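To start, the structure itself, in structure tokens.
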Amino acid sequence: MAKVLCVLYDDPADGYPTTYARDDLPRIERYPDGQSAPTPLGADFTPGHLLGSVSGELGLRAYLESRGHTLVVTSDKDGAGSVFDRELVDADVVISQPFWPAYLTPERIAAAKNLKLAVTAGIGSDHVDLDAAIAHGVTVAEVTYCNSISVAEHVVMMTLSLVRNYLPSHQVVLDGGWNIADCVARSYDLEGMHVGTVAAGRIGLAVLRRLAPFDVKLHYTDRHRLPADVEEELGLVFHESAAAMVPHCDVVTINAPLHPETEHLFDDKLLATMKRGAYLINTARAKIVDQEAVQQALESGQLAGYAGDVWYPQPAPADHPWRTMPHHGMTPHISGSSLSAQARYAAGTREILEAWFADKPIRDEYLIVSGGALAGTGAHSYAVNSAPDR
Ligand code: NDP
């Protein structure tokens, strides 16, 4: 019987919800590329309930305990003597979320003598040292596509919020004010602007599709070009690199994975080549931008706004400079953890565990590391010696 250690974010400050704002969720059977949404044999949770926090337990307790496994759930993941470190020593399976990552460093993987499976309940396994996982024969899997559209929607929301100056205008209302000029002195229309994405994979392409009806000019850069019919349908301009693209753009959105090629891609030099007053949206990974360079670009006016919800480290300390820099629209890594996304990644996690315990293959699209090598989606999207986000 296995010990499953699950690291989730804390419950709401007022306690675990007993009621919800809505009664149901739309049923998503397939993603835009045809991949089916998770298909576990069973599910012991109500879609639309809070599953990603400690008391939500990803809806896994009844399933695991009825089969004799042990489930330990904690949010205490960092620092000496954390519950995660204590419980990891004899855990067979670790489940963690990118929003509240249990950083599986080489030291922790070496200390976890029984560890055989690390599941990311979400997308992005860069909190797991993949070299160490490979060396120790740990399988790594994530729930590919579960929250890609959730993130794309967040990018659209942030793009409009920054360009229209929504957040400060709403704050005026909350503060009891009515100075319209204060609100509109930084407010523009998105229509006619040039918007570019660094990477046009699942999220990047979904962003392009969602922004096309706003009558913007769309740009992208990626390691591979999209099919010609997609470029034509959306009127896309392809650029060989981010450096070639960003000088043309009023809004840039980052949708690439973190790896050595993208780490600190947006540094002083690249930011200086952007149009003065451009907006930058980063929902991918914090380390793709240089933290101080972004802060300085906002202070100097080189950037008119920065938004996204990925930070380093996570959780961000109370004095993280991004909390107080001007003209930002940061959130605490929520874009991929809507209640809608949670239902999908909880179901995907269950599907992975069902396959694992039944000794059946995990879907190729969920696999990152298997059999001592990158595998499935991991073989395409990840590189070894490249887990810098910890
Ligand atoms: P995909 O794998 O579908 O797409 C990533 C794209 O980036 C691929 O087309 C890839 O090309 C391309 N790419 C890789 N390196 C570069 C580069 N140096 N320059 C330009 N393009 C590059 O991933 P998703 O769209 O699903 O996700 C993107 C990232 O978003 C994830 O890696 C993850 O870190 C982050 N994410 C954030 C979430 C959140 O909650 N905020 C949730 C989900 C994901 P190729 O295929 O040729 O390698």
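Derivation of every value follows stated rules applied to the coordinates shown; laboratory data play no part. Computed from a predicted model, the values in this text were never measured in an experiment. Because the Cβ atoms are built from the backbone with ideal geometry, glycine has one as well, and the counts that use them run over all protein chains shown.
The residue among Y188, P213, A228 whose Cα reaches farthest toward the positive pole of the charge dipole of the stretch 109-232, with charges on the beta-carbon of Lys, Arg, Asp and Glu, is A228. Shown here for the stretch 94-184: chymotrypsin sites (Phe, Trp or Tyr not before Pro) in loop regions (DSSP other than H, G, I, E, B) with at most 10 other Cβ atoms within 10 Å, namely W178. Based on Cα contacts under 8 Å between residues 6+ apart, the chain shows a relative contact order of 19 percent.
Can you list the GluC sites (Glu not before Pro) in the stretch 195-249 that are in a DSSP coil and have 12 or fewer other beta carbons within 10 angstrom? Sites meeting the loop and neighbour criteria: E240. By DSSP, what percent of the beta bridges with both residues in the stretch 17-170 are antiparallel, rounded to the nearest 5? Approximately 20 percent, going by the DSSP bridge assignments.
From least to most packed, judged by other beta carbons within 10 angstrom and beginning with the fewest, T324, T377 follow the order T324, T377.
Scattering from the C-alpha atoms of the chain alone, worked out with Debye: what is log10 I(q)/I(0) at q = 0.11 1/Å? Debye output, listed in q order: -0.81. Given axes a ≥ b ≥ c from the Cα gyration tensor, I'd like to know whether the stretch 316-390 is rounded (a/c under 1.5), prolate (a/b larger than b/c) or oblate. Cα axes put the stretch 316-390 in the oblate bin. Does the stretch 160-314 come out rounded, prolate or oblate by the C-alpha gyration tensor, with a ≥ b ≥ c the root eigenvalues, rounded set by a/c under 1.5 and, if not, prolate when a/b is larger than b/c and oblate if not? Oblate shape, in that a/c is at least 1.5 and b/c is the bigger or equal ratio.
Relative contact order of the stretch 151-298, taken over Cα pairs closer than 8 Å and 6 or more residues apart, is 23 percent. For the chain, DSSP calls about 10 percent of its internal beta bridges antiparallel.
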